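Each reported figure results from applying straightforward, stated rules to the coordinates on display, with no laboratory input. Just so it is clear, the structure is predicted and the values come from calculations on it, not from any experiment. Positions of Cβ are generated from backbone atoms using ideal geometry, with glycine treated the same way; all protein chains shown enter the neighbour counts.
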Amino acid sequence: MLIHLLIIIKNNLRANLLLMAGMFVIATSLWYAVDYVYAVVVNQQKSLGFDWEHVYYVQAAVLPDESVERDTASRSDDEVTAEYLEFYNRLQRHPAVESACYTLMHFHYMWKNGSGTMSYDTLKTNAMYREVTPSYFTVFRVRGADECSPEELSRRASHTNDFVVTENAACQLLNPDLNNVTVKGVELAGRFIHSGVSMREDEPDSVRVAAVCENQKYNEYSNWSRAVYRIIQLGQGDFKISYGSLPYHDIFIRVKADADRPGFVESFRKEMKKQLRVGNLYLADMRPMGYYRNEHLADYRSDLYTYLAIAGFFLANAFLAILGTFWFRTQQRRSEIALHKAHGATDRAIFSRLLSEGILLLAIVTPVALLIDYNLAHLELNSWRNGTTLEWDRLLLCAAISFVLITLMIVIGIGIPARKAMKVQPAEALHDE
């Protein structure tokens, strides 16, 4: 049967080559579209890695020069730092505040990060660089890679200049083969790594990994990101703040669930307006993390839906192209179908042969298309939006889905016109011949 189908394909080679070229382009492009949709769906199922609910951003700002309340006397960085610490401590002592944290170059949903390269022995990885106080992990409910509680993770990360590394970054430093399930990221805890991601000249190059935390995403639709957290303590070591650098320093608070009710921000700001007036600092703004999340996801979803719409539009066009081609091809072979019927072939046998021929053409094209798909994945041209690299299970699954979709198009494109042609009497179909 296979040899017979190959002979039929060879006898009409020119037309079949053009058909296979079209199927090759569609199969390759369809894999890319399927891969994108697959990555979005899979990424959406992954844990976010932090909890933003009941968390508020608190913005400390400097009174403007024209304000009559501003103290115009010059202040050293030590004095400004003391004002900032007092502002932070007063905020932390509020009865409704469960915990507070400070961050530098880290603001969830705001694309605010440093970045650089870390190394362990001969292995390296790129990671986002963030500076946080130990309480960051309790405020955002970040758990350890070994599933320890946020409180325990904060306790482990209590020494200044220690690092906390996300699990995927730790695995990359221990073994570049991320599919090696025998390597656990927690094995990096307690070891020393070389950091090239510091924003401070006096930070030692060799730093201790105090703990490994769970993987984190930037948003609900993105893939896990590699990140490293440098632990700092407010008021200790080289921690200094000036009025000019204040916008780069962020404070977040976790509010007790029973206190986080509608109107909380307004009542909190009214109650704390005078208490948080420290030197030239004042409470400028306070917003829930849900506000930044909604703002970020609105833009992200807009882009996401645009790409999904393009993928859907391409899928529809591919469907119509394959359907139309095989429909027309089958209608053109109406007399051939009649001739087979005149020789005693059953409708089922004729349909099976036509369908097998179409699927065989696809089967010939698929290995070549899969080779192109592999190179696209190997070059990470499919990772620009999802942050993923070559994964064999993902590559083969998306290729299989593409094959099934094209097969479905072929079945419809052959089945409907073939069924109509087989209802025509052989003598009538062969009349023109």
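General remarks:
- Stokes-Einstein diffusion of the range 114-177 at 4 °C, 1.567 mPa s viscosity, Kirkwood radius from Cα pairs, rounded to a whole number: 102 µm²/s.
- Using the alpha carbons alone, the radius of gyration of the range 21-110 stands to its Kirkwood radius in an Rg to Rh ratio of 1.32.
- Shown here: the range 28-171, whose C-alpha atoms stretch 67, 37, 36 Å along the first, second and third principal axes, sorted largest to smallest.
- Inter-centroid distance (Cα atoms) of the range 108-133 relative to the range 275-327, Å: 25 Å
- Nitroxide proxy distance, nm - points 7 Å out along Cα→Cβ at I401 and A363: 2.5 nm
- Using the empirical formula 2.2 N^0.38 Å as the baseline, the Cα radius of gyration of the range 261-327 reaches a ratio of 2.30.
- In terms of the mean number of neighbouring beta-carbon atoms within 10 Å, the peptides 14-22, 62-70, 208-216 order highest first as 208-216, 14-22, 62-70.
- Modelled FRET efficiency - R0 25 Å, Q44 with L379, Cβ distances, 0.05 increments: 0.50
- Each peptide in 81-93, 98-110, 127-139 was scored by the mean count of other Cβ atoms within 10 Å over its residues; highest first, the order is 127-139, 98-110, 81-93.
- Across K46/K273; K112/K256; K217/K274; K46/K124, pairs whose alpha-carbon gap is larger than 29 Å: K46/K273; K217/K274
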